[in-house]
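To keep things clear, I will list the structure first and then write my remarks on it.
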Amino acid sequence: MPSQYEEERSWEAPSAQYDDENGEDVIDNPEEVLQECLEKFKTPDYIMEPGIFGQLKRYFQAGGNPEQVIEQLSNNYSAVAQMANLLAEWLILAEVKVTEVQAMVENHLKEMIIKTFDPKKADTIFTEEGETPAWLTEMIEHPTWRSLIYRLAEDYPDCLMLNFTIKLISDAGFQGEITSISTAAQQIEVFSRVLKSAIVGFLQSSDDWQNNVNECAKMVCHGAHTYVYSQVIVHILSQEPRGGSIMKRLSQEITKCAQQSGHDVTPITLALTPGESWRGARTALAAMLSRGALNPADISVLYRAYNQPEPPPVHLLRIPQFLELLVDSLFKLGSKLNPEHKSKYTYLLAYSASVCEGITPGKPIKDELKATLQAIEKIHAVCSSSVSSSELLAELPSLYHCIRFPVVGMGVLVWVECVVTEPSYFKLCTEHCPVHLALLDEVASCHPLLHHRLLKLLIRLFESKQEDLEILVQLELRKMLLDRMVNLLSRGCVVPVLLYIKNCTSRGDVDLSLIRYFLTEVLDAIAPPFTPEFVQLVLPMVENEEITGTMRAEGENDPVSEFIVHCKAHY
């Protein structure tokens, strides 16, 4: 015991209250030290405290009585930790799983630490020990305690100990876990690793890319400094010949997230957009983007600039926010445009959508400008006039021709969205499939990049409350919308559509006859081979007796049985 005591004594650093001279410690005020030590020894379970050996050393050097300290420590020994271990062992003997017992203990400890955590005391760990405690390094190896650190870091962003621990976690390679931690934004090394993880996650995502983009954008938009830093890095990466366009899209999504959060990031967006010499065009553009609205005066400035023999670079017009404003002004219901300036709006939209830069600076290639402009004007004329469904049928051939242009496809989608979301639209509709939704089928066929927004519209309509319609009419309406989803699925939007139907099945808020109808249409439209992801989404619904029980015939000659047999044999 004495040898162990001596070994423990050697770990403690000299106290500030006494000095080392000739190997002996001199106590300035022994009585005060004795009283201070005895007060600490009276606290419950003080013998379990990490600083017990240091306090014993001070106590004996001040002339303390060994019997008194032994009595104090033993009388105040409650053995809380030992009792917790004993109870845990009893639970395990009672056949409770070890993992469950461990989770009980850890969760209770987490609750107690969150309740009693003192950031000032935590910061003294570094001032007293002078180096990273070994227990802290071991602690961050466990997910439970890392999650505790993340929680505390959110509540106490100024705690030095927590900030340092976040850096330790990042250095250990767990930066992917702290994408939503505000503390990471205070340390450039940590934030850089977190940003890298978020970008890699975005690049590796496929059908779930939108969620990855939203998570990355939310993290980047934590503050002005994180936004500028991240956008500059993404902008540099967007200049790379390989994958640069993907990074450009990420930058645009981050900008969109910042705008939706109410931040005016126009100066930063334009600062990262080349074309500084075109001050007039940039000033007009900045004014409209900051206000979030177009005006004839600034549009006229841009129109004149892009009608010059050497116009500004086209990418100035391709800022997503500006393009959305142009599309809404031309295709949204209720949008009022001055007839004198309408041609300028259509020209700028057609120019941004069809013109590309040539080899020679200032000499853009305008081969597709005229045809694109004519298509926009034609569709705008239809959208801005109050034509009936029967009159719209006569325009279908020309509409289908114009929809092949991507910018027109987007305009038609915006227009149809405004029309079909009117409360009285389906109440007044007499066709099984309204002409407006038939136009969306064509948009889905021609423009895969619009599938995501198109599916959101179909989901919105499918979930809308059509209380003015009879129950059977409502069912027929939803079947018609499911037909549109099946068409969207057949055009390549497979996983998002199936995920939505699967969620409807899990929630149980959709009539099973509608799920049955959807599966019938899908099984009629598909053929092997199937991807594992497709089977994983469809097979559980097909195997559900409540859904497909009435669809099965005797033997295995029906589509449901054939699909199940094929999947069981090959997956």
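Taking the conditions (1) at pLDDT below 85; (2) of a type outside the set (Gly, Ala, Ser); (3) within 54 Å of the chain's Cα centre (by Cα) in turn, CYS37 satisfies each one other than (1).
I'd like the full set of residues that are more than 18 Å from ASP158 (Cα to Cα), part of a helix (DSSP H, G or I) and open to solvent by 60 Å² or more (accessible area, probe 1.4 Å), limited to region 119-138. The answer is GLU128, GLU129, ALA134, TRP135, THR137, GLU138.
Condition check ((1) touching a Phe, Trp or Tyr at 6+ places or on another chain (Cβ under 7 Å); (2) surrounded by 13 or more Cβ atoms within 10 Å (Cβ to Cβ); (3) among the polar types (S, T, N, Q)) across all residues:
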| position | (1), (2), (3) |
| --- | --- |
| CYS37 | yes, yes, no |
| PRO44 | no, no, no |
| LYS57 | no, yes, no |
| MET112 | no, no, no |
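In this structure, is GLU276 surrounded by 14 or more Cβ atoms within 10 Å (Cβ to Cβ) and without any contact (Cβ under 8 Å) to a residue 12 or more places away in the chain?
no
Being in contact with an Asp or Glu (Cβ under 7 Å, 6 or more places away or on another chain), open to solvent by 20 Å² or more (accessible area, probe 1.4 Å) and within 20 Å of SER300 (Cβ to Cβ) is a property that SER343 lacks. Counting the residues of region 427-449 that are more than 22 Å from VAL494 (Cβ to Cβ) and of a type in the set (Asp, Glu) gives 1. Candidates are the residues of region 295-332 that are open to solvent by 40 Å² or more (accessible area, probe 1.4 Å) and of a type in the set (A, V, I, L, M); the one that is farthest from SER385 (Cα to Cα) is VAL301. The set of residues in region 48-58 being part of a helix (DSSP H, G or I) and either at pLDDT 85 or above or touching an Asp or Glu at 6+ places or on another chain (Cβ under 9 Å) (or both) consists of ILE52, PHE53, GLY54, GLN55, LEU56, LYS57, ARG58.
In region 200-220, the residue that is most open to solvent (accessible area, probe 1.4 Å) out of those that are within 20 Å of ILE268 (Cα to Cα) and among the aliphatic types (A, V, I, L, M) is MET219. Can you name the residue in region 524-562 that is of a type in the set (Val, Ile, Thr) and surrounded by 15 or more Cβ atoms within 10 Å (Cβ to Cβ) and, of all such residues, is nearest to LEU512 (Cα to Cα)? Within region 524-562, the match that is nearest to LEU512 (Cα to Cα) is ILE547. The residue of region 59-110 that is surrounded by the most Cβ atoms within 10 Å (Cβ to Cβ), among those that are at pLDDT below 85 and part of a loop (DSSP other than H, G, I, E, B), is ALA62. For the condition at pLDDT below 90, over 22 Å from SER245 (Cα atoms) and of a type in the set (Asp, Glu), GLU310 qualifies.
Scanning region 414-424 for residues that are surrounded by fewer than 22 Cβ atoms within 10 Å (Cβ to Cβ) and closer than 19 Å to HIS452 by Cβ yields VAL414, GLU417, CYS418, VAL420, THR421.
Given the conditions (1) of a type in the set (A, V, I, L, M, F, W, C); (2) buried (at least 16 other Cβ atoms within 10 Å of the Cβ); (3) free of Cβ contacts under 8 Å to residues at least 12 places away in the same chain, which single one is not true for ALA271? Here ALA271 clears every test but (2). For THR116, the test of being of a type in the set (S, T, N, Q) and open to solvent by less than 70 Å² (accessible area, probe 1.4 Å) is failed.
Among VAL213, VAL265, VAL194, VAL232, which is within 30 Å of ASP158 (Cβ to Cβ) and touching a Phe, Trp or Tyr at 6+ places or on another chain (Cβ under 9 Å)?
Details: VAL213 fails: within 30 Å of ASP158 (Cβ to Cβ); VAL194 fails: touching a Phe, Trp or Tyr at 6+ places or on another chain (Cβ under 9 Å); VAL232 fails: touching a Phe, Trp or Tyr at 6+ places or on another chain (Cβ under 9 Å).
Going through VAL213, VAL265, VAL194, VAL232 in turn, just one is within 30 Å of ASP158 (Cβ to Cβ) and touching a Phe, Trp or Tyr at 6+ places or on another chain (Cβ under 9 Å): VAL265.
Taking first residues from region 77-89 that are closer than 19 Å to GLU100 by Cβ and of a type in the set (S, T, N, Q) and partners that are at pLDDT 85 or above and open to solvent by less than 70 Å² (accessible area, probe 1.4 Å), the Cβ contacts under 9 Å between residues at least 6 apart in sequence or on separate chains come to ASN85/VAL105. For region 381-395, the criterion of being within 20 Å of LEU455 (Cβ to Cβ), in contact (Cβ under 8 Å) with a residue 12 or more places away in the chain and outside any helix (DSSP H, G or I) is met by none of the residues.
Under 9 Å between Cβ atoms, at least 6 apart or on separate chains: pull out the pairs that start in region 330-350 with a residue that is aromatic (Phe, Trp, Tyr) and end on any residue that is part of a loop (DSSP other than H, G, I, E, B) and open to solvent by less than 10 Å² (accessible area, probe 1.4 Å). Correct list of pairs: TYR347/TYR306.
Among what's in region 346-370 and is open to solvent by less than 50 Å² (accessible area, probe 1.4 Å) and over 21 Å from ALA286 (Cα atoms), pick the residue that is farthest from the chain's Cα centre (by Cα).
If we take residues in region 346-370 being open to solvent by less than 50 Å² (accessible area, probe 1.4 Å) and over 21 Å from ALA286 (Cα atoms), then GLY362 is farthest from the chain's Cα centre (by Cα).
Filtered by the rule that a residue be within 17 Å of the chain's Cα centre (by Cα) and open to solvent by 30 Å² or more (accessible area, probe 1.4 Å), region 221-243 gives a lone residue, HIS222.
Scanning region 425-454 for residues that are surrounded by 18 or more Cβ atoms within 10 Å (Cβ to Cβ), among the hydrophobic types (A, V, I, L, M, F, W, C) and under 27 Å from the mean Cα position of the chain (by Cα) gives ALA444, LEU450, LEU454. For the condition over 22 Å from ILE47 (Cβ atoms), in contact (Cβ under 8 Å) with a residue 12 or more places away in the chain and open to solvent by 90 Å² or more (accessible area, probe 1.4 Å), GLU141 qualifies. Considering (1) of a type outside the set (S, T, N, Q); (2) modelled with pLDDT under 85; (3) under 21 Å from ASP123 (Cα atoms); (4) surrounded by 14 or more Cβ atoms within 10 Å (Cβ to Cβ), the lone condition that ASP171 does not fulfil carries the number (4).
Return a yes/no flag: does region 470-492 have any residue that is of a type outside the set (Gly, Ala, Ser), open to solvent by 40 Å² or more (accessible area, probe 1.4 Å) and more than 30 Å from VAL542 (Cβ to Cβ). Checking region 470-492: at least one residue is of a type outside the set (Gly, Ala, Ser), open to solvent by 40 Å² or more (accessible area, probe 1.4 Å) and more than 30 Å from VAL542 (Cβ to Cβ).
The values are calculated or read from the model by the stated rules, or taken from the named source; none is laboratory data. Small disclaimer: the values here were computed from a predicted structure and weren't measured. As a convention, Cβ positions derive from the backbone with ideal geometry for all residues, glycine included, and neighbour counts pool all protein chains shown. Ligands, DNA and RNA are stripped out before the accessible areas are found, and what is left, the full protein with its side chains, is counted by its heavy atoms. Shrake-Rupley method; radii C 1.70, N 1.55, O 1.52, S 1.80 Å.
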